[in-house]
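Below: one structure, written as structure tokens.
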């Protein structure tokens, strides 16, 4: 299969490219490099610099005998989406419609979509399965859920088969060191912890220490990005075998608290991570963990790289020489 990876120079996208290449697929990366980096491009993959907001550019890429697409090029900062919904509507809605229309025009019938657990909103129970009510608490989560709805309609009307992968908390880096580009302006916990460990930032703010959890801090389901990437390859192979459209959670079903992640990082890297407690953030649930049984049943997928030790060590390997 020839797969177009839209957003393939980014953090998750570059790991997906490696996984697809490992599954003997031909890969073309389509990326505007606004958040991705050329450091993350693999020589075995072709590269087209382009933007999903430019319909002609994405259509031209689709017409290069593409068999399927992986759609990753979404804006993803929850807080920013609440402050600047226009930016997220333009990229995550208008851009997605361009991609789906171009795929339809080019006859591309397989789509793997990078979705998010944010579509669920505040958990009514946990671990969360795919039947949990969908009530996004952020505009970012809303754009992910809307894309899934578009995909269902394009499936029904145009025969575009899709697998939407709802990520929980993506962390870690390629253990072989083949992905070297760090995220620009990271918003997630572990890169922030690493920046505090090397002195790029003064400290980590832990938002809330009075939750009903074992240590008062929020609990999240952290999954190694290599495990996420493998699921994309397996999902494409599933569709190639004639599989029907699916929405699947990707997580470990194991929760780790914010404080636990910081203390475990100190243990693994052998140095202190400065932190302090700060007031809760609006919209932060106490516990978010995944039930990923369906991904195992449908794809044969399982998380094999997601121990905290491996997550932290693979990340530290890229940050330890900074500053």
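Checked against the criterion of being under 15 Å from residue 236 (Cβ atoms), within 21 Å of the chain's Cα centre (by Cα) and outside the structural domain of residue 281 (by TED's automatic domain parsing), the candidates 78, 17, 66 yield just one match: 17. Here residue 61 passes the criteria (1) under 26 Å from residue 176 (Cβ atoms); (2) part of a helix (DSSP H, G or I) except the one numbered (1).
Here residue 242 clears all of (1) more than 30 Å from residue 153 (Cβ to Cβ); (2) assigned to a loop (DSSP other than H, G, I, E, B) except the condition numbered (1). Within the range 253-274, identify whether any single residue is assigned to a strand (DSSP E or B), under 29 Å from residue 34 (Cβ atoms), touching a helix residue (DSSP H, G or I) at 6+ places or on another chain (Cβ under 8 Å) and assigned by TED's automatic domain parsing to the domain that holds residue 296, and answer yes or no. For the range 253-274, residues assigned to a strand (DSSP E or B), under 29 Å from residue 34 (Cβ atoms), touching a helix residue (DSSP H, G or I) at 6+ places or on another chain (Cβ under 8 Å) and assigned by TED's automatic domain parsing to the domain that holds residue 296: absent.
The residues of the range 169-211 that are part of a helix (DSSP H, G or I), under 12 Å from residue 315 (Cβ atoms) and touching a helix residue (DSSP H, G or I) at 6+ places or on another chain (Cβ under 9 Å), listed by number, are 189, 190, 191, 193, 194, 195, 197, 198.
Return yes when residue 5 is under 26 Å from residue 187 (Cβ atoms), in contact with a strand residue (DSSP E or B) (Cβ under 7 Å, 6 or more places away or on another chain) and outside any helix (DSSP H, G or I) and no when it is not.
On the way: under 26 Å from residue 187 (Cβ atoms): yes; in contact with a strand residue (DSSP E or B) (Cβ under 7 Å, 6 or more places away or on another chain): yes; outside any helix (DSSP H, G or I): yes.
Judged against the criteria, residue 5 is a match.
Taking the criterion of being surrounded by fewer than 20 Cβ atoms within 10 Å (Cβ to Cβ) and either in contact with a helix residue (DSSP H, G or I) (Cβ under 6 Å, 6 or more places away or on another chain) or under 21 Å from residue 248 (Cβ atoms) (or both), the residues of the range 288-307 that qualify are 291, 293, 294, 296, 297, 298, 300, 302, 304, 305. Listed conditions (1) in contact (Cβ under 8 Å) with a residue 24 or more places away in the chain; (2) within 22 Å of residue 106 (Cα to Cα); (3) touching a helix residue (DSSP H, G or I) at 6+ places or on another chain (Cβ under 7 Å) are all met by residue 85, apart from (2). Of everything in the range 125-180 that is surrounded by fewer than 22 Cβ atoms within 10 Å (Cβ to Cβ) and at positive phi, the residue that is modelled with the lowest pLDDT is 177.
Select from the range 97-112 the residues that are in a strand (DSSP E or B) and touching a helix residue (DSSP H, G or I) at 6+ places or on another chain (Cβ under 6 Å) and list them in ascending order.
Our first condition is that a residue be in a strand (DSSP E or B); within the range 97-112, this holds for 110-112.
The answer is 110, 112.
In the set (1) surrounded by fewer than 17 Cβ atoms within 10 Å (Cβ to Cβ); (2) at negative phi, the condition left unmet by residue 51 is number (1).
Within the range 103-122, the set of residues being under 20 Å from the mean Cα position of the chain (by Cα) and either buried (at least 18 other Cβ atoms within 10 Å of the Cβ) or at pLDDT 95 or above (or both) comprises 110, 111, 112, 113, 114, 115, 116, 117, 118, 119, 120, 121.
May I ask you to say which residue of 151, 190 is closer than 26 Å to residue 15 by Cα, more than 15 Å from the chain's Cα centre (by Cα) and touching a residue at least 12 places away in the same chain (Cβ under 8 Å)? It would help to see each step written out before you state the result.
On the way: 190 fails: more than 15 Å from the chain's Cα centre (by Cα).
Answer to the check: 151.
Only one of the numbered conditions (1) touching a strand residue (DSSP E or B) at 6+ places or on another chain (Cβ under 9 Å); (2) part of a loop (DSSP other than H, G, I, E, B); (3) within 25 Å of residue 99 (Cβ to Cβ) is not met by residue 147, and that is (2).
In the set 66, 5, 78, only one residue is in contact with a helix residue (DSSP H, G or I) (Cβ under 6 Å, 6 or more places away or on another chain), closer than 20 Å to residue 160 by Cβ, crowded, with 17+ Cβ neighbours inside 10 Å and touching a residue at least 60 places away in the same chain (Cβ under 8 Å); that residue is 5.
The values are calculated or read from the model by the stated rules, or taken from the named source; none is laboratory data. As the structure is a prediction and not an experimental result, all values here were calculated from the model. We place every Cβ from the backbone using ideal geometry, glycine too, and count neighbours over all the protein chains shown.
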